[in-house]
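Please treat every number below as a calculation from the coordinates, not as lab data. Keep in mind it's a predicted model, so treat the numbers as computed, not measured. Counting neighbours? That spans all protein chains shown, and the Cβs are built from the backbone with ideal geometry, glycine included.
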Amino acid sequence: MNNKVDVDQINYLLYQVSQPSRYVGNEWNAIIKEHQQVSLKLALAFPDLYEVGMSNLGLQILYHIVNQKKDFVAERVFAPGTDLEELLRREKISLFSLETFTPLQEFDLVGFSLQYELNYTNLLNMLNLSGIPLRSSQRVEGPLIMGGGGCAFNPEPLAPFLDILVLGDGEEIILDIMKRMQKAKERGASRKEILIELAGLEGIYVPSLYEPKYESRLFTGIEPLDPQAKLPVNKVTVDDLNEVPYPSAPIVPYKQVVHDRGVLEISRGCAKGCRFCQAGVTYRPRRHRTVENLKQLAVSLIQNTGYDELSLASLSSSDYPSIGQLVRELSAEIPGWVNLSLPSLRLDSFSVQLAAEVQKKHKTSLTFAPEAGTERLRKVINKKISEDEFLEALDHAFAAGWRMIKLYYMVGLPTETDEDIEAIGDMVRKVIDLYRRGGYREKLKLSVSASTFSPKAHTPFQWEPQISRQEMRRRQKLLAKALQKMKQVDFKWHDPFTSCLEAAFSRGDRLLADVLETAWQKGCRFDNWTEYLAMEKWEEAFAEHGFSVEEYACHRFDHGDPLPWEHLSCGLSKEFFIKEHQKPQGAL
Amino acid sequence: MQRLQFYFSRGEELIYISHLDIMRLLQRAMRRAGSPLAHTKGYNPQPRLSIAAPLPVGVTAKREPAEVYLEQNISPSNFVEDFNRQLPRGILIEDAVEISEEAPPLMQVIDAALYQVYPFFEESSISPEKVRDGVEKIKHKEEITVRRKGKKGWREIDIRPFIYRLEFKNNDGEEKNKLELEMFLKTGSQGGARPGEIVNLLGEMLGSPQLPYQLRLNRVALYRRDGQGWTPA
């Protein structure tokens with residue numbers, strides 16, 4: 001498996017799989033370099049299908065930054081569909097990069113994007129499909145395996161499989177890592193020496209240099225095993241977004257991907273402080289690109305891609321300081337056939353007017369996330385929106401021509417009662433009444449979706465348990481009943497076991513690594529796709545190691561308990577989280 | 001408003017992308033090239049670009065007709081040159097001509113497709129002579145029933161009337177052992193035959209199934225009806 005996978009083999013594989021366009025590479029703006037011309041090779045690995053991974057901005061950013069350097073190359077690899085996996089195994093062909101069909105083990109560094117807990121089995125599968133031993137301790141040669149992204153802030157369930165983790169923004173540190181590796185490679189440093197050196201960098205966590213402690217299998221703390229192992233490991237942030245490179249010539253996929261459009265990241269970080277939200281914490285502080293910079297980027301992005309849609313991305317785009325000016329100036333600058341879109345809107349009239357201004361052509365749907373049905377519960381989670389503001393925003397939306405509204409709610413939030421759930425029904429009924437009073441001719445389409453609260457590490461609700469699966473089903477039924485007579489409403493809810501696994505892994509400790517490996521061995525893959533999620537295999541895997549999923553998902557931590565992720569810091573103190581956790585108690 | 005007909009080829013690099021992928025690719029490339037693409041009027045404006053006949057996945061092509069409406073007139077040669085600069089390896093615009101706005105849409109006039117077919121049978125001992133005999137037998141059949149999966153499940157159709165011409169090609173020199181067939185088949189919205197179906201039938205007759213990933217197909221050109229015969233579209 002040492003050489004590149006040859007063209008005949010690729011043809012042999014692709015003729016036999018569904019959706020072969022996932023694996024062809026050679027897209028517009030893809031960068032292909034001669035490997036003899038570079039000194040260090042990075043594989044950007046995404047543990048989900050091509051169409052999901054290609055919609056990830058971080059991947060495009062890092063691809064762009066690394067490939068700008070003459071000495072380095074970055075190539076992409078995604079989780080193969082189950083049909084391709086079967087063929088690769090049968091024919092003993094390694095998983096390969098899309099750019100040059102190079103097997104993963106030929107790279108110096110493989111960086112996995114960790115966006116979602118339910119992708120973890122795919123990560124193990126991708127290592128295994130490349131002939132790379134799963135555990136860091138078993139690897140004596142081959143690439144270093146790195147992880148970064150949102151889930152890197154509690155990577156303990158993955159710790160034994162990863163050599164290094166990056167906490168925070170990747171733009172600057174990726175080059176630091178590669179430069180250090182390049183020098184270490186030149187002087188012939190050992191794997192261990194390289195890891196210890198990288199551990200000295202701000203933002204880098206090397207799990208093998210720390211040992212977690214347990215008492216009767218309950219986590220009691222973590223000990224550094226080397227003087228270079230920092231405690232805590234702090235995340236790195238880019239000071240000024242305008243100063244770091246941005247992919248204004250991103251790869252344009254052939255296949256239709258989840259977000260099939262140009263993306264302009266206008267801000268990073270969030271002004272809100274929703275107590276369940278991890279991204280709001282880990283992406284701190286809030287930073288913005290300037291209008292001037294965004295105008296330039298928009299023009300070259302459209303020129304370089306030919307996209308007819310440009311999305312202004314951020315965690316809350318209406319909170320960009322001069323959003324009105326930005327939208328007007330961008331519209332003036334870009335060609336008329338480009339449609340601007342604002343994905344994450346605040347729930348107020350200002351935002352709706354803004355959306356109306358940019359979405360001139362066709363008004364598809366507006367999405368809002370009130371999260372909870374009562375003002376009391378919205379105060380508990382710190383989602384500051386009153387019912388009046390909510391209805392006023394929708395009134396504007398109807399008047400502006402929107403006929404399809406999507407509403408996102410969360411069930412199982414701390415302190416939630418049956419009244420809170422029933423209140424969602426009342427809220428939705430008020431929306432329908434409001435629309436009726438407007439006397440609009442077309443039919444209103446309302447999509448209501450309810451996810452289940454999953455506590456996340458590094459949030460004020462990190463100590464809170466998730467409700468049991470039985471309770472999830474009871475509350476979902478209650479909500480379905482509250483909505484049942486409204487024929488305009490399309491109600492969707494999340495699969496309970498998916499939420500349960502997510503909660504278990506988002507706050508899990510290192511003992512879960514064995515469970516994860518067992519689940520993978522049993523054949524678990526693509527756990528985020530309900531058609532693949534194998535609940536029984538997962539439950540067996542937990543049981544074989546003496547656990548249950550609920551034991552992790554429904555666990556309540558005390559403020560005094562050591563937490564499995566506390567050696568990693570996102571810049572906020574424990575006192576802050578405790579204060580934020582206690583604040584809503586008054587609203588009970 | 002200007003109506004241009006252009007021809008593109010597709011190489012091995014891009015045989016795995018779908019018809020809709022090609023449509024998106026062409027639209028984006030034209031926008032990058034700065035071509036003044038015209039759009040449909042109405043609620044959801046779409047670029048006025050169409051391809052004569054969808055190109056199946058796995059098939060290379062020499063000369064696929066497509067047409068586009070432009071807001072401003074540009075010379076066909078400039079159009080081709082700018083377009084090609086924005087296309088990835090594996091797709092190339094061969095040439096373009098201006099056509100009358102009154103001419104019927106391309107999609108409606110296509111009647112036939114010419115294919116070069118390179119089968120590869122599991123049993124390598126099958127001689128060209130045997131294949132030639134098989135081809136002759138197929139030509140003498142009065143009815144050829146194939147099963148196709150449609151929206152309403154499986155159905156059987158007779159593709160014999162859709163086979164306009166079928167030929168075994170003699171290869172000399174270096175490619176002596178490479179089997180080549182030429183197929184001229186009805187295509188378009190009124191039904192048609194697919195080269196793979198005929199090769200499968202041949203494989204069955206020879207007692208050696210065709211391995212799908214080893215079949216090479218090249219669509220040479222598309223044709224329109226012209227009296228008793230056909231002319232390239």
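Once you put a point 7 Å from the Cα of A:V299 and another 7 Å from the Cα of A:T220, both along the Cβ direction, what distance in nm separates them?
6.5 nm
Which pairs, out of A:K379/A:K492; A:K379/A:K574; B:K41/B:K151; A:K445/A:K481, put more than 27 Å between their alpha-carbon atoms?
B:K41/B:K151
Please state, to two decimals, what the Cα-based radius of gyration of the range A:26-90 comes to when divided by 2.2 N^0.38 Å (N = residues).
After normalising by residue count via 2.2 N^0.38 Å, the value is 1.23.
Here are some pairs, A:K33/A:K179; A:K183/A:K230; A:K192/A:K537; which of them have Cα atoms lying more than 28 Å apart in this structure?
A:K192/A:K537
If r is the Cβ-Cβ distance from A:L478 to A:Y440 and R0 is 35 Å, what FRET efficiency results, to the nearest 0.05?
Step by step, r from the Cβ atoms, then E = 0.70.
In peptide B:11-18, how many Cβ atoms from other protein chains are near each Cβ within 10 Å, on average?
Mean inter-chain Cβ contacts per residue within 10 Å come to 5.
Order of A:T282, A:T100 from fewest to most other C-beta atoms within 10 Å?
A:T100, A:T282
Along its three principal axes, how long is the range B:2-103 when you only count alpha carbons? Whole Å, largest extent first please.
The Cα atoms of the range B:2-103 stretch 34, 32, 27 Å along the principal axes, largest first.
Where in the range A:146-167 is the amide nitrogen less than 17 Å from a point lying 7 Å along the Cα-to-Cβ axis of A:R135?
Of the residues in the range A:146-167, A:156-164 have backbone N under 17 Å from the label point off A:R135.
Each label point is 7 Å from the Cα along the Cα-to-Cβ direction; what then is the distance between the points at A:Q585 and A:A332, in nm?
Taking the simple label geometry, A:Q585 and A:A332 are separated by 5.4 nm.
Stick to the Cα atoms of chain A, pair each with every other, and give me the Kirkwood hydrodynamic radius in Å at one decimal.
25.3 Å
Along each of the three principal axes of the Cα atoms of the range A:7-234, give the extent in whole Å, ordering the values from largest to smallest.
Principal-axis extents of the Cα atoms in the range A:7-234, largest first: 52, 43, 31 Å.
Assuming 0.36 nm per residue, please report the length gained on full extension of the stretch B:E142 to B:R155 beyond their Cα-Cα distance.
Additional length available on full extension: 2.8 nm.
Using only helices, what value at 222 nm comes out for chain B when you add -39,500 (n - 2.57) per DSSP H run of length 4 or more and divide by the total residues, to the nearest 500 deg cm²/dmol?
Taken over chain B, the calculation gives -7000 deg cm²/dmol.
Please report A:D433, A:D426, A:D169 as a ranked list, fewest other C-beta atoms within 10 angstrom at the top and most at the bottom.
In order of increasing Cβ crowding within 10 Å: A:D433, A:D426, A:D169.
Take every DSSP beta bridge with both residues inside the protein assembly as shown and express the antiparallel ones as a percent of the total, to the nearest 5.
Taking every DSSP beta bridge with both residues in the protein assembly as shown, the antiparallel ones total about 55 percent.
Could you work out the equivalent-ellipsoid semi-axes for the range A:211-330, taking the square root of 5 times each eigenvalue of the Cα gyration tensor, largest first, in whole Å?
For the range A:211-330, the semi-axes come out at 38, 18, 15 Å.
Tell me the mean residue ellipticity at 222 nm calculated for chain A from its helices only (DSSP H runs of n ≥ 4, each -39500 (n - 2.57), averaged over every residue, nearest 500).
Rounded to the nearest 500, the figure is -10500 deg cm²/dmol.
If each of A:N29 and A:Q325 carries a label point 7 Å out from its Cα toward its Cβ, how far apart are those two points in nm?
2.7 nm
What average number of partner chain Cβ atoms lie no more than 10 Å from the Cβ of the residues making up B:21-31?
4
Where Lys and Arg each count +1 and Asp and Glu each count -1, what net charge lies around B:N200 among other residues with Cβ under 11 Å from its Cβ?
0
Can you put A:T220, A:T367 in order of Cβ neighbours within 10 angstrom, beginning with the fewest?
A:T220, A:T367
Assign one of three labels to the range B:109-232, namely rounded, prolate or oblate, based on the Cα gyration tensor with a ≥ b ≥ c the square roots of its eigenvalues; rounded applies when a/c is under 1.5, prolate when it is not and a/b is larger than b/c, and oblate otherwise.
Oblate shape, in that a/c is at least 1.5 and b/c is the bigger or equal ratio.
What does the net charge come to around B:R132 if you take all other residues with beta carbon closer than 12 Å to its beta carbon, with K and R at +1 and D and E at -1?
Within the 12 Å Cβ shell, the charges total -1.
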